[in-house]
Structure formats: structure tokens, C-alpha cells
Amino acid sequence: MTQIGTDLTTAKQLLERGEVVGIPTETVYGLAANALEPDAVVKIFGVKNRPSFDPLIVHTDSLEKVASFVEDIPAPARLLAERFWPGPLTLLLPKKPLIPDLVTSGLDTVAVRVPNHPLTLELLRALSFPLAAPSANPFGYISPTTARHVADQLGDQVPYILDGGACRVGIESTIIGFTETGPVVYRLGGMALEQIEAVTGPLSVRDHSTSNPKAPGMLSSHYAPRKPFVLKPVEELLARYAPERIGALAFQHISPLIPSENQQFLSPAGDFAEAAKNLFAAMRQLDALDIDVIAAELLPEQGLGRAVNDRLRRAAA
Ligand code: TXA
Ligand code: MG
């Protein structure tokens, strides 16, 4: 059985022994292991039931440490790191041989980020190695934003979960790569593109498809509840389902057409950051109800609204 707690020494000792540990970040909880040790990293894939073609993000606590395991930090990457780390931004950089191929699924770039969570930063500072960590959910399911979410799904396979409270950002980091033609977005996420573009200039977005070899994990179906999840107004579902069999995930307002206990709304004030923070917990709550279908509503396509919509579309795919 797992233990949930705030003891950094326990977490550190387990990681040093090559075990996996649940860690909080500002985006979602991660399932961490020593990124330099293939025997430790392989456990992550096992616990998550994750295909080995889907590479992991490496977490550390400073740009100086990143320099020890990447060949080069291009100028725009350095600018972004200096401006936004620690924060919900992941950069794809050419890896040194020190990073095992298992971490990058054989790619020559490694995804790196400095997460903005006090407990995890303290852990990373105390460790002599970086941590490989995907989101701490079974592959394809909704990402966890509390220690309890991690325990509920992976508890029997993870000896310790470091409890850092509910995640402040609530959706995964934005992923940026660097090509000859400029910076490219591989995943929309917790850092809005407008903010990144203020530093880099215009970005191209190449974030979906199963055929994108640069981001094999960007599968079109992801973050999915077990219940049927559709991007349709509640009204349309009433032709097929009784009102009490329908759940709804709305941005600001609840619907008068179905029971209020079947509904979650992300931000009464219409705030995108609040909506992102609440998204995954709301999806989990709806998934646990005795209903037949979940109707979700998209947000306006701006700021973090774009990243929330990306998650909703993949959940519905
Ligand atoms: O916010 C986050 O990024 C969270 C927290 C725990 O840091 N982590 C996370 O990891 O979302 P994960 O494994 O669920 O998603 C990482 C994504 C995968 O879809 C993977 O395909 C992509 O990053 N990725 C990793 N390395 C890559 C690389 N070298 N090139 C392209 N995509 C890469
Ligand atoms: Mg994930």
C-alpha cells in the first residue's frame, strides 16, 4: 500500500534506491524516478502501463543543471528558461548520451522543465540526479491534480506520494521545440502562447496527430474519462437520454435541464486559469457518477482556454 506524506527524506531515499515516487508540481502530479538510471525509469512505464514510444519529461531545479545533460541551449530556449522557469513550460533540447534512450524513446532531444512547486524544488535540490516524470495517471486517463487522485489509481504500485496539495495550474506544461524555422509548440499547456510569443515572436503550433514523430505522445485520444464524453450541448442529448442519466461540464453556468448534482462548472467568473485548475478534478467527479454520458462545453479560444479545449477535444476523441 502507498503512503501519502510530506517527508522529503523518505521520498529522497526511495528515489536513491531506484524506486518510483509520486511528486507534486504546479501543473499535475508526476510519477518520478531517477532519470539517469534505466532500471528505475523502466518502472515508470510499468506502473503507468505506458507504451515505450512515449518519451518522458526530465525535471530538475536549475538551468545550470540542465546544461549538464543537454548538448546545447539555443538562444531562444535560454531566454524562455530565464523568463519562465520555474514554471509550466517544457523545452525540447538535444540530449547528451548521459540521458538513457528509454527516457526519450530513442529521440535525440530530451524534454526538460523546472517545475514551480516548493516541495518538489527542495527535493530536486537535494538529489544528485534529475527526475524523469510523466503525469501520475494510468496511460490515457485523466491526469491527477491531488495526491489522493494518484493514490486512487496507482496506490498499490507506488510506495510513497509526496503531498503538495492541489495543483495550482491544473493542466500539463506547454511543450516548445526549436527548429531551423523557429520555435514550435508541440503541446498546448499551462503557459499561454501569448506569454511565450511575447518573448520568442510568432510560434507555429504542431500539437496534434498520431503521425507526428517529434511528439509521439500527442495522441489524439488522451486525458479521457471512462464514460462517453461528448462536445455537445445538453439539449441535444435529451433526445436520447433521460435528464438524470446526463452529466455536464460547463465553463461558467449550470444547465436548468438536468439535475444540478450531475454538473460541474469550471469558473463561475469566466476565468481561464481557474477553469484550467478545476478541469481534471471536475472530469473525475463526473466520471464517478452513475450516469451514461458527459456533455462538455468548449471555452473561448484564447489564453489558457486553448489548452483547456485541447484537453476536452482529446477526451472526446
Ligand atoms: O506538466 C507536465 O508536463 C507534467 C508534470 C508532471 O511535469 N508531465 C507530463 O508528462 O505531462 P507526460 O509524460 O504526461 O507528457 C509528456 C509529453 C508526452 O506526450 C511526450 O510525448 C512529450 O511530452 N515528449 C517528451 N519528450 C519528448 C521529446 N523529446 N520530443 C517530443 N515530445 C516529447
Ligand atoms: Mg500525461
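The values are calculated or read from the model by the stated rules, or taken from the named source; none is laboratory data. None of the values given here were measured: they were computed from a predicted structure. Every residue, glycine as well, gets a Cβ built from its backbone with ideal geometry; the counts of neighbours run over all protein chains shown. These accessible areas exclude ligands, DNA and RNA; they are computed on the full protein's heavy atoms, side chains included. Shrake-Rupley method; radii C 1.70, N 1.55, O 1.52, S 1.80 Å.
Selection among A239, M283, A269 by position relative to the dipole of segment 229-316 gives M283 as farthest towards the positive end (Cβ unit charges, Cα centre). Here the contact order of the chain, divided by its residue count and restricted to Cα pairs under 8 Å and six or more residues apart, works out to 20 percent. All distinct Cα pairs of the chain go into the 1/r average, and the inverse of that average, the Kirkwood radius, is 19.9 Å. Using the Karplus relation 6.51 cos²θ - 1.76 cosθ + 1.60 with θ = phi - 60°, the per-residue 3J(HN,Hα) values for segment 296-302 come to 10, 10, 6, 8, x, 7, 8 Hz, with x marking Gly and Pro.
Placing +1 on the Cβ of every Lys and Arg and -1 on the Cβ of every Asp and Glu, with nothing else charged, gives segment 27-136 a dipole about its Cα centre of roughly 220 debye. Bridging of K232 to aspartates and glutamates at a Cα separation below 16 Å is possible for D292, E297, D310, once same-chain residues fewer than 8 apart are set aside.
For a quick protection proxy, order the peptides 190-200, 67-77, 139-149, 29-39 by their average other-Cβ count within 10 Å, most packed first.
Ranking, from highest mean packing down: 29-39, 139-149, 190-200, 67-77.
Computed per residue of the chain from DSSP H runs no shorter than four, each worth -39500 (n - 2.57), the mean residue ellipticity at 222 nm is -8500 deg cm²/dmol. The HN-Hα couplings worked out from phi for segment 50-62 by the Karplus form 6.51 cos²θ - 1.76 cosθ + 1.60 (θ = phi - 60°) are 9, x, 6, 7, 9, x, 9, 8, 9, 10, 8, 10, 7 Hz, whole numbers, x standing for Gly and Pro. Applying a threshold of 22 Å to the alpha-carbon distances of K43/K277; K12/K43; K12/K277; K48/K95; K65/K95 flags K43/K277; K12/K277; K48/K95 as lying beyond it. Evaluated with a Cβ-only charge set (Lys, Arg +1; Asp, Glu -1), the chain carries a dipole of roughly 280 debye about its Cα centre, given to the nearest 20.
Taking only the alpha carbons of segment 229-316, we obtain Rg and Dmax values of 12.1, 36 Å in that order. The listed peptides 6-17, 80-91, ordered by packing as a protection proxy, come out as 80-91, 6-17 (highest mean of other Cβ atoms within 10 Å first). Full extension of the segment from L203 to A269, taken as 0.36 nm per residue of separation minus the current Cα-Cα distance, would add 20.8 nm.
Compared with the alpha-carbon gap, the fully stretched path from T6 to E235 is longer by 77.9 nm at 0.36 nm per residue. The mean accessible area for residues of the chain, using a 1.4 Å probe and ignoring ligands and nucleic acids, is 41 Å² per residue. Ordering 268-277, 110-119 by mean Cβ neighbour count within 10 Å, with the highest value first, yields 110-119, 268-277.
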